[in-house]
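J.: Below is a structure I'd like to ask you about.
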Amino acid sequence: MQVLAVVLAVIAAVIHIAIFALESVLWAKPAIWRRFGLKSQADADVVEPMAFNQGFYNLFLALATVLGLLLLGWGNPVAGKWVVLVALSSMVLASIVLLITERRMWRAALIQGVAPLLGIAFLLGAVAAHAPMTVI
């Protein structure tokens, strides 16, 4: 269970780093902002500051997940589990908000939320089984 929790947390972090790249680095490309449902360059220009900021939120969630995993590997399992749990929970909750507010983005919500949700399930399963959580 603990190996699956770590793998899913890493997958969730990678997904959120990719989302950061789309929103904060590659936003100027029409192929990117069209993925977010925008129809014109003018609309993309208006949304760009928000997308840039939101991209960094996603990056910080990914970095928090990585920090939690590093804490697990560095021998601080209690702090590591909590940091990973909070970061993954934030990802899941954000995906739920996305689904509720924009049903057309259901695929994006699934991409954003499934790996962290499963990671939480396996993390809690490992905790319930009293399995020591370490990365290395």
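Only the coordinates and a few stated rules stand behind these numbers; no lab work does. Keep in mind the model is a prediction, meaning the values are calculated, not measured. With ideal geometry, Cβ positions are generated from the backbone for all residues, glycine too; neighbour counts draw on all protein chains shown.
J.: With a 10 Å Cβ neighbour count serving as the proxy for reagent exposure, in which order, fewest first, do 48, 23, 102 appear? Present the calculation step by step, with values, prior to reporting the outcome.
T.: Details: 48 16, 23 24, 102 13.
Ranking 48, 23, 102 by Cβ neighbours within 10 Å, fewest first, gives 102, 48, 23.
J.: Please report the Cα spread of segment 1-97 along all three principal axes, rounded to whole Å, starting with the longest.
T.: Principal extents (largest minus smallest coordinate, Cα): 50, 20, 20 Å.
J.: What helices does the chain have that are whole DSSP H segments, at least 18 Å long along their own axis by Cα, and with mean Kyte-Doolittle hydropathy of 1.6 or more?
T.: Span-like helices in the chain: 2-20, 77-101, 106-128.
J.: Most exposed first by the Cβ proxy, i.e. fewest other Cβ within 10 Å, how do 66, 46, 6 rank?
T.: With the sparsest Cβ surroundings first, the list reads 46, 66, 6.
J.: Take the Cα atoms of segment 49-136, find their three principal axes, and give me the spread along each one in whole Å, biggest first.
T.: In descending order, the Cα extents are 40, 26, 15 Å.
J.: Turning to a different aspect of this structure: Please tell me the relative contact order of the chain in percent, rounded to the nearest whole number, where contacts are Cα pairs under 8 Å and at least six residues apart.
T.: Details: 174 pairs, mean separation 48.5, N = 136.
With pairs under 8 Å counted, the relative contact order is 36 percent.
J.: Using only DSSP helix segments of four residues or longer, with each worth -39500 (n - 2.57), what per-residue ellipticity at 222 nm results for the chain after dividing by its residue count and rounding to 500?
T.: Dividing the helical sum by the residues of the chain leaves -27000 deg cm²/dmol.
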